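Remarks on the structure that follows.
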Amino acid sequence: MPELVLDSISLSFGELKAIDDVTVELKKDEILSIIGPNGAGKTCLLNCISGYYKPQRGTISFNGEKLNNVAIFERTKLGIGRTFQNVELFNGMSVLDNIMAARHLHFNTGVLRAFLYYGKSRKEEIRNREIVEEIIDFLEIKPARNKIVGSLPYGIRKRVELGRALAIEPKILLLDEPMSGMNIEEKEDMARFIIDIYEEKKIPIILIEHDMGVVMDISDRVIVLDFGKKIDEGMPEEMMHSEKVINAYLGN
Amino acid sequence: MRRVSGVFDTSYLQDMTIFRTKHYIAGMVILILLFLALPAFVSDFWLAFISSTAVTIIALQGLNILAGYCGQISIGHTAFMAVGAYTSTILARELGLSLWICMPVGGLGAALVGLLFGLPSLRVKGYYLAITTIAAQFLIIYMIKTPFPEVTGGAIALSVPELRVGSFVFNSEIHFYYLIVAIMALMTFLSKSLTRSYFGRALVAVRDNDIAAEAMGINIFKYKLMAFFIGCFFAGIAGSVWAVYVRVISPDDFTLVNSIWQMGMLIIGGLGSTLGPFFGAVFISALREICVIIGPWVTSTFPQIGAQVSASLVEMTFGVAIVLFLVYEPRGIGHRWEILKESYRLWPFSY
């Protein structure tokens, strides 16, 4: 049974149809890439899944549960983790605090306990800190641990964002252009992280990416969007030679 | 982060501690002893100065949680102090309850009213929210002045019962000095604990990027309202402590101008740091005292500039201070202090 099902969803802003009757199924064990020209509705689709946009028609269900009227933070609680296209970090906090902030759902102490730092809430702090340090280790951002994220280079900030999504301990991961604006080495690193996450955590991943080399290399299945419509779907090699896809990218 | 050479953290617990080395602990102990011994050395004037500054610090800690950490700018903070002061005083006067019970209840009262005025924060942010908090200032002071003058004392002053423990009556500056500084220390501890916990991080997350905060599973509405509740609770405590200290309260103690002063103090001290309220309150209170002292001197030395200028010397210096800080150190004295500590840590042999 697929983890996540978008059943013929449509989203429009006034006259503009951002997503037009798109159906997507994400299986338990796959990296699904969504590709398409700029403005095809890829990010809109992700925003529908994580709750920033509410599709006017169609249903979104996750593990059999209907998501349409579930608030954004509740969806995170259910296990949907994501990163953003334009890095959306907490710029005033250090790398460590950014990822610690993402552990929010894993703190069970009440507010009154938080007023008294010592005892139970300090233990919880340390327990979560250990997990965060593991993530920092994994993403190789140790030197930046105590730096304020606003001052960090772009590539590192993208990694911090990935770390933050990991800290949620999501059941599915949505990555919105994790490699945009990176050079070859940074892209290779990021691709390695994504594959490692996929293999170690055994969670399905939806990936939006413009770099076709990366998409062909790491995804199990590809969905192609154009003008809000799903124009094709299949294995990466198939998509590379699909006439519809070539037409969408190059015009006919 | 720079560390003194040879000091290594070997556990996360050590990394998270505030007083990391023996020197810090020793410094803290000396500071506490200094505060305990202070009344033996200084006059009542200085004790009163410290007490009133400490009350301001309590209120500022609350405003810091609200505006510094959660980013919800409020320019109606003294109105919530008024709610605390009047709630505890009226409960003590009308029901004869002990002031020791009335003071926390006053804090809770202010917190509940704060929650109410925090509701607009769910829809508006930034400057627009700041404007809506002015409504709190006017509405609350109106409620005190007009509808029930027989209970609230109207626009005229309301006297506050004596604070006592058994037969011991708090009636000298020394008594209040110890009481208020102790409460200030307690409230500062609570504020520091809260802001270094997951709760504080959630507040900062809401301030820095509410879109991402929600994706991290943080219920931003809940945390905004909690920030109002807790921030106004601190204000309420400050107000009720102020009431038992001065024994006479009137709506004129809690004006819009005072609220703006508090926001200014927080900006000068440093938004979003526990020490910020200390620096801000002490800096502005000291500035005010200095202006009061040199005001008459200015008038007598330069008679041509007139008495009005020296009368408004306090406001003028405050304005200049705010402008200078916003231009040269928008993150306040607290930030300067961090930089100073950082560079002093390796002095004189930095590596």
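The values are calculated or read from the model by the stated rules, or taken from the named source; none is laboratory data. Values in this document were obtained by computation on a predicted structure and should not be read as measured data. With ideal geometry, Cβ positions are generated from the backbone for all residues, glycine too; neighbour counts draw on all protein chains shown. Ligands, DNA and RNA are stripped out before the accessible areas are found, and what is left, the full protein with its side chains, is counted by its heavy atoms. Shrake-Rupley method; radii C 1.70, N 1.55, O 1.52, S 1.80 Å.
Over the Cα atoms of the stretch B:64-128, each weighted equally, I'd like the Debye log10 I(q)/I(0) at q = 0.21 Å⁻¹, rounded to two decimals.
Those come out to -0.82, one per q.
Need one value for A:163-169: mean number of C-beta atoms belonging to other chains within 10 Å of its residues' C-beta atoms.
1
Taking the stretch A:89-169, how many lysine pairs are there with alpha carbons less than 25 Å apart, if each pair must be eight or more places apart or span two chains?
4
Take every residue in peptide A:77-84, count the Cβ atoms of other chains within 10 Å of its Cβ, and give the average of those counts.
Rounded to a whole number, the mean comes out at 2.
Within the stretch A:6-39, report the GluC sites (Glu not before Pro) that DSSP leaves as loop and that have at most 13 other Cβ atoms within 10 Å.
Answer by residue number: A:Glu15.
Would you tell me the mean number of C-beta atoms belonging to other protein chains that fall within 10 Å of each C-beta in B:199-208, as a whole number?
Across B:199-208, the average partner-chain Cβ count within 10 Å equals 6.
Of A:Thr59, B:Thr89, which has the most accessible area with a 1.4 Å probe, and how do the rest follow in descending order?
A:Thr59, B:Thr89
Of B:Trp46, B:Trp347, B:Trp337, B:Trp261, which has the most accessible area and how do the rest follow, probe 1.4 Å?
The ranking, largest first, comes out as B:Trp347, B:Trp46, B:Trp337, B:Trp261.
Given 10 °C and 1.306 mPa s, how large is the Stokes-Einstein diffusion coefficient of the stretch B:228-351 in µm²/s, with Rh as the Kirkwood radius over Cα pairs?
Estimated via Stokes-Einstein, D reaches 94 µm²/s.
Report the normalised scattering of the stretch B:20-254 as log10 I(q)/I(0) at q = 0.09, 0.12, 0.13, 0.16 Å⁻¹, calculated by the Debye formula with identical scatterers on the alpha carbons.
Rounded to two decimals, the profile gives -0.41, -0.71, -0.81, -1.11.
Of the DSSP beta bridges with both residues in the protein assembly as shown, give the percent that are antiparallel, rounding to the nearest 5.
Looking only at bridges with both residues in the protein assembly as shown, the antiparallel portion is about 60 percent.
Taking the Cβ-Cβ separation of B:Thr255 and B:Thr301 as r and a Förster radius of 35 Å, what is the calculated FRET efficiency to the nearest 0.05?
For B:Thr255 and B:Thr301, the calculated efficiency is 0.65.
At a probe size of 1.4 Å, how large is the accessible area of B:Leu91, to the nearest 10 Å²?
Using a 1.4 Å probe on the heavy atoms, I get roughly 40 Å².
Where does the protein assembly as shown land at 222 nm, in deg cm²/dmol rounded to the nearest 500, when only DSSP H runs of n ≥ 4 count, each adding -39500 (n - 2.57), divided by all residues?
-18500 deg cm²/dmol
How big is the stretch B:239-306 by the Kirkwood estimate over distinct Cα pairs, in Å?
14.2
FRET efficiency for B:Val309 and B:Ile174, Cβ-Cβ distance as r, R0 = 35 Å, nearest 0.05?
Efficiency, from the Cβ-Cβ distance: 0.40.
Taking R0 as 60 Å, what FRET efficiency do you get between B:Leu38 and A:Lys54 from their Cβ-Cβ distance, rounded to the nearest 0.05?
The formula returns an efficiency of 0.50 here.
If you keep only loop residues by DSSP, which trypsin sites (Lys or Arg not before Pro) in the stretch B:91-147 have at most 11 other Cβ atoms within 10 Å of their Cβ?
Sparse-neighbourhood loop trypsin sites (Lys or Arg not before Pro): B:Arg123.
Which value, in nm² and rounded to one decimal, describes the direction-averaged projected area of the C-alpha convex hull of chain A?
If you wrap the Cα atoms of chain A in a convex hull and average its projections, you get 14.8 nm².
Just B:Ile339, B:Ile50, B:Ile73 to compare: in a GNM of chain B, with alpha carbon springs under 10 Å, which one fluctuates most?
Checking each option, the largest mean-square fluctuation is seen for B:Ile339.
What dipole magnitude, in Debye to the nearest 20, does the protein assembly as shown give about its Cα centre under +1 on Lys/Arg Cβ and -1 on Asp/Glu Cβ?
Using only the charged Cβ atoms, the result is roughly 1780 debye.
Name the residues of the stretch B:209-245 whose amide N is less than 20 Å from a point 7 angstrom out from the Cα of B:Ala48 along the C-beta direction?
Inside the label zone: B:239-245.
With a 1.4 Å probe, what is the total accessible area buried between chains B and A, in Å² rounded to the nearest 100?
For chain B against chain A, roughly 3300 Å² becomes buried.
Output the Kirkwood hydrodynamic radius of the protein assembly as shown, Cα pairs only, in Å rounded to one decimal.
27.2
Ranked from the most accessible area to the least, with a 1.4 Å probe and all protein chains present, what is the order of B:Ser197, B:Ser343?
Highest to lowest solvent-accessible surface, that is B:Ser343, B:Ser197.
Report the Rg/Rh value for the stretch A:89-169, based on alpha-carbon coordinates and the Kirkwood definition of Rh.
1.00
Which of the pairs A:Lys187/A:Lys229; A:Lys17/A:Lys171; A:Lys27/A:Lys171; A:Lys171/A:Lys201 have their Cα atoms more than 18 Å apart in this structure?
A:Lys187/A:Lys229; A:Lys17/A:Lys171
From the residues B:Gly107, B:Trp297, B:Phe176, which one has its Cα farthest along the dipole of chain B in the positive direction, the dipole being from +1 and -1 charges on Cβ of Lys/Arg and Asp/Glu about the Cα centre?
The listed residue farthest towards the positive side: B:Gly107.
Chymotrypsin sites (Phe, Trp or Tyr not before Pro) within the stretch A:106-142: which are DSSP loop residues with at most 11 other Cβ atoms inside 10 Å?
When the chymotrypsin sites (Phe, Trp or Tyr not before Pro) of the stretch A:106-142 are filtered for loop state and at most 11 Cβ neighbours within 10 Å, A:Tyr118 remain.
Distance in nm between label sites at A:Ile231 and B:Arg247, each 7 Å beyond Cα in the beta-carbon direction?
8.5
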